[in-house]
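Input: a single structure, listed below in structure tokens.
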Amino acid sequence: MILALVAGGIGYVFLQVGEVLNYQWKWSALPRFVLRYDEATASWIPNLLLLGVLTTLRLSIWGSLIGLVLGVLVGLLRVSPNLALRMFGTSYVETIRNIPPLVFLFIFFFFFASQLIPLTGIAPAVRSASPETLAVLNVLFGEPRQLTSFLSAAIALGMFGASYVAEIIRGGIESIEPGQWEAAKALGLRRGVTLRKIILPQALARVWPPLANEVILLVKFSSLASLVSVPDLTFQANQVGVTTRGMFEVWLVVAAIYFVICFGLASTFSALEKRSNRHLAR
């Protein structure tokens, strides 16, 4: 029944667009922007939309990895017995979490990344890199000439996501009963060992759903990177829409692609949560 209602709603939208707005659908123009035939290599290669999907996946993966690792570290600082560390973790979370993601991306890209990344010497190193190195960089980060923008966007997304991941980790750790800390202390276990072997496994099992939600949000927030010239799916879709003048078709396809990615992540995290719960129940 739900699927029927959704299909009916989609059909109604298509009908309204076609009849009320007198819009001529141009679906036939889209396939050539997914794959194109390269006469030089006599093979089919990715075109704008598929290249955008690959960039979005890379950006989401790197942003999520940075966000999860940094978020766990900041979350541990938030529950540290050391006051200075707790204050540092709290300052990080409260500063970044209360800034809109687009504003934070602009601030990071124009005021920090534009100054700090050139100091690392990445751009000259890429220009003088061997073809083999460039091929590896292309797989991991996309087009090498876009590496600076890509890294800036990935780090900004990761830092923004880490502020939420830190609170999720803190909540998971504080949800563990104090008796487990006391029992570990009575057995002579150090705090680090207690965290690693007793507290964190249970805390992570409890926070799978909010962590999954945060990763999915980062995938959707990755579309903001198009505003700093990262050629992700949103950026490329805009180029295709302008070229074909088929904005409705392009953005419907983009919405479907994002849905497939996010739904796949939700299913993966759901399976991981069930597996983690079974492991703890043994």
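The values are calculated or read from the model by the stated rules, or taken from the named source; none is laboratory data. Note that this is a predicted model, so its numbers are computed, not measured. Glycine also receives a Cβ, built like all others from the backbone with ideal geometry; neighbour counts cover every protein chain displayed.
Please verify whether segment 125-146 includes one or more residues that are under 23 Å from the mean Cα position of the chain (by Cα), modelled with pLDDT of 90 or more and either charged (D, E, K, R) or outside any helix (DSSP H, G or I) (or both).
There is no residue in segment 125-146 that is under 23 Å from the mean Cα position of the chain (by Cα), modelled with pLDDT of 90 or more and either charged (D, E, K, R) or outside any helix (DSSP H, G or I) (or both).
Return the only residue of 65, 59 being touching a helix residue (DSSP H, G or I) at 6+ places or on another chain (Cβ under 6 Å) and assigned to a helix (DSSP H, G or I).
Numbers: 65 fails: touching a helix residue (DSSP H, G or I) at 6+ places or on another chain (Cβ under 6 Å).
Unique residue meeting the criteria: 59.
Could you please let me know if residue 243 is in a helix (DSSP H, G or I), at pLDDT below 90 and not hydrophobic (A, V, I, L, M, F, W, C)? It would help to see each step written out before you state the result.
Values: in a helix (DSSP H, G or I): yes; at pLDDT below 90: yes; not hydrophobic (A, V, I, L, M, F, W, C): yes.
So residue 243 fits the description; yes.
Which one of the conditions (1) surrounded by 13 or more Cβ atoms within 10 Å (Cβ to Cβ); (2) among the aliphatic types (A, V, I, L, M); (3) in contact (Cβ under 8 Å) with a residue 60 or more places away in the chain does residue 122 fail to meet, given that it meets all the rest?
With respect to (1) surrounded by 13 or more Cβ atoms within 10 Å (Cβ to Cβ); (2) among the aliphatic types (A, V, I, L, M); (3) in contact (Cβ under 8 Å) with a residue 60 or more places away in the chain, residue 122 is out only on (3).
When you scan segment 96-112, do you find a residue that is assigned to a helix (DSSP H, G or I), surrounded by 12 or more Cβ atoms within 10 Å (Cβ to Cβ) and touching a Gly at 6+ places or on another chain (Cβ under 8 Å), even just one?
no
Please identify the pairs in which a residue from segment 35-58 that is within 22 Å of residue 235 (Cα to Cα) and without any contact (Cβ under 8 Å) to a residue 24 or more places away in the chain has its Cβ atom under 8 Å from the Cβ atom of a residue that is assigned to a helix (DSSP H, G or I) and of a type in the set (A, V, I, L, M), counting only partners at least 6 apart or on another chain.
35/50; 46/54
Look through segment 173-207, keep the residues that are closer than 18 Å to residue 273 by Cβ and in contact (Cβ under 8 Å) with a residue 40 or more places away in the chain, and return whichever of them is surrounded by the most Cβ atoms within 10 Å (Cβ to Cβ).
My answer is 173.
Are there any pairs with C-beta distances below 9 angstrom linking a residue in segment 71-92 that is over 15 Å from residue 192 (Cβ atoms) to a residue that is not in a helix (DSSP H, G or I) and not hydroxyl-bearing (Ser, Thr, Tyr), with the two at least 6 apart or on different chains, and if so which?
Listed pairs, sorted by first residue: 86/79; 89/79.
Quick one: in segment 1-24, of everything that is part of a loop (DSSP other than H, G, I, E, B) and modelled with pLDDT under 75, which residue is nearest to residue 249 (Cα to Cα)? Spell out the reasoning first.
Of all residues in segment 1-24, those part of a loop (DSSP other than H, G, I, E, B) come to 1, 20-24.
Then drop every residue that is not modelled with pLDDT under 75, which leaves 20-23.
Numbers: 20: 17, 21: 14, 22: 14, 23: 11 Å.
Filtering segment 1-24 for residues that are part of a loop (DSSP other than H, G, I, E, B) and modelled with pLDDT under 75, the one nearest to residue 249 (Cα to Cα) comes out as 23.
In the list 151, 134, which residue meets the criterion of being in contact with a Pro (Cβ under 7 Å, 6 or more places away or on another chain) and on the phi < 0 side of the Ramachandran plot? I'd like the intermediate steps shown before the answer.
Values: 151 fails: in contact with a Pro (Cβ under 7 Å, 6 or more places away or on another chain).
The unique qualifying residue is 134.
Tell me which of these residue 244 doesn't satisfy, since it passes every other one: (1) farther than 22 Å from residue 48 by Cβ; (2) among the polar types (S, T, N, Q); (3) in contact (Cβ under 8 Å) with a residue 60 or more places away in the chain.
The one condition residue 244 does not meet is (1).
If residue 161 satisfies all but one of (1) small (Gly, Ala, Ser); (2) surrounded by fewer than 17 Cβ atoms within 10 Å (Cβ to Cβ); (3) in contact with a helix residue (DSSP H, G or I) (Cβ under 9 Å, 6 or more places away or on another chain), what's the number of the condition it fails?
Residue 161 satisfies every listed condition except (2).
From the list 168, 117, which one is touching a Leu at 6+ places or on another chain (Cβ under 7 Å) and over 30 Å from residue 207 (Cβ atoms)? Outline the logic, then answer.
Numbers: 168 fails: over 30 Å from residue 207 (Cβ atoms).
Exactly one residue qualifies, and that residue is 117.
Which condition number does residue 137 fail, the rest of (1) farther than 30 Å from residue 236 by Cα; (2) free of Cβ contacts under 8 Å to residues at least 40 places away in the same chain being met?
Status for residue 137: all satisfied but (1).
Working only within segment 208-227, note down all residues that are under 27 Å from residue 274 (Cα atoms) and among the polar types (S, T, N, Q).
213
Just to verify a result, which residue in segment 28-52, among those that are surrounded by 11 or more Cβ atoms within 10 Å (Cβ to Cβ) and assigned to a loop (DSSP other than H, G, I, E, B), is farthest from the chain's Cα centre (by Cα)?
My answer is 30.
Restricting to segment 211-233, and then to whatever is more than 14 Å from the chain's Cα centre (by Cα) and part of a helix (DSSP H, G or I), can you tell me which residue is surrounded by the fewest Cβ atoms within 10 Å (Cβ to Cβ)?
227
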